[in-house]
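Below is one structure; the comments refer to it alone.
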Amino acid sequence: MGIETMNHSVLVTRQIPGESLQRLREVCEVEVWPEAIPPSRDELCRLVKGRHGLLTMLSDRIDGELMDVAGDQLCVVSNYAVGFNNIDVDAAKTRGVAVGNTPDVLTDATADLAVSLLFAASRHVLQAGNQVCEGEWKTWEPTGWLGVEPSGKTLGIVGMGRIGKATAKRLVGGWDMNLLYTSRSDQGDVEKELGGRRVELDTLLAESDFVSVHVALTDETRNLIDADAIGKMKSTSVLVNTARGEIVDQDALVDALNSRAIFAAGLDVTTPEPLSADHALVKSPHCVILPHIGSATHTSRNAMSEIAVDNLIAGLAGKPLRCSVI
Ligand code: DGY
């Protein structure tokens, strides 16, 4: 494979952890964007020209126009993420470009973070900690920082895929929660193992004390959690989103938090990313926001690098990708 691909040229749009780029350099010419901030659209257009493969991040928009700028020799786009909403997969298909992603290896890390956010939002962990850092902690208060508890309550998982399941396992097993979920199909194993019940989204929102979002971003799920949906939630409920920011209508969420229509929210994803420090959600005392770190563990990110490089090498050689989305 090395000999066939030696003249191939690939662009890696950010430094990635682990040793896998070394393997890539052994089979083709590699250019890695050296900055911590992603290349601008113009820079990306300049950089992709003549490449056979691209190893891209979720922050890079890879559409038909960009593929055309790259040229007909482009044969593979390997996304360093499980989500691939940043890639126009139809455009890739019509141009014969293979598209890969990095599923499974970030499931545990992302589920762990969903649970962390659930607790952080429920117990004001960030805001209370900031009070200490800012020297504002005056005394132990019997009525200060009162939160809500998940034990024995109802958990609603929106999208029972790999990460939804892993999140449910942690919370049902660890905190004895009752489980409701939405899914395109019945998940027999979930019902058997976790006693979950598949319901319509409206029922899930109305009956859950904690709602955790795990659907992929598509045209169908954009703004799925809009004002109407949030309006169905309990005033004591907590919303967690570790999937994609565009699934939640942020203006509606701001209104709901300000009017105390829901108790709190924990977000690892926003629109846009980064969200400005002036944004009402960042300012809200009822919202915890993290900078999209769901998969940010050494184990997950190293494993993502391995899969992304495997996908790229296979695609350059015209072989089936290890993890293909097409
Ligand atoms: C993904 O992989 O899609 C996550 O959002 C980033 O780790």
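Rg and Dmax of the stretch 1-145, both derived from C-alpha coordinates alone, stand at 21.4, 71 Å. So which of Lys138/Lys283; Lys93/Lys319; Lys93/Lys169; Lys138/Lys234; Lys138/Lys169; Lys49/Lys319 end up more than 27 Å apart, counting from Cα to Cα? Pairs exceeding 27 Å: Lys93/Lys169; Lys138/Lys234; Lys138/Lys169.
Entry note, the chain: relative contact order of 20 percent, from Cα contacts under 8 Å with a spacing of 6+ residues. The per residue volume of the convex hull around the alpha-carbon atoms of the stretch 212-326 is 122 Å³.
Compared with the dominant principal axis of the Cα atoms in the chain, helix 298-316 is inclined by about 30°. Convex hull volume per residue, computed on the Cα atoms of the chain, equals 146 Å³. Spin-label model, Val132/Ser235: points 7 Å from Cα along the beta carbon direction are separated by 3.2 nm.
Can you give the calculated 222 nm mean residue ellipticity of the chain, where each DSSP H run of n ≥ 4 adds -39,500 (n - 2.57) and the sum is split over every residue, rounded to the nearest 500 deg cm²/dmol? Walk me through the numbers before you get to the answer.
On the way: 14 runs with 123 residues, N = 326.
Roughly -10500 deg cm²/dmol at 222 nm, from the helical runs in the chain.
Cα centroids of the stretch 217-242 and the stretch 150-175: 16 Å apart.
Over the stretch 107-289, what relative contact order in percent results from Cα pairs under 8 Å that are six or more residues apart?
Working: 334 pairs, mean separation 40.2, N = 183.
22 percent.
For Glu273, the shell of other residues with beta-carbons less than 12 Å away shows a net charge of -1, using +1 for Lys and Arg and -1 for Asp and Glu.
Calculate, for Asp68 and Asp219, the FRET efficiency according to 1/(1 + (r/R0)^6) with r their C-beta to C-beta distance and R0 22 Å; round to the nearest 0.05. Mind showing how you got there, number by number?
Details: r = 23 Å, r/R0 = 1.03.
So, using R0 = 22 Å, E works out to roughly 0.45.
Order by neighbour count: Arg46, Arg123, fewest other Cβ atoms within 10 Å first, most last.
Details: Arg46 11, Arg123 18.
So the residues, fewest neighbours to most, are Arg46, Arg123.
Any read-out appearing in this document is the output of simple, stated calculations on the displayed coordinates, not a laboratory observation. Model, not experiment: these values are computed from the prediction. Neighbour counts run over all protein chains shown; Cβ positions are idealised from the backbone, glycine included.
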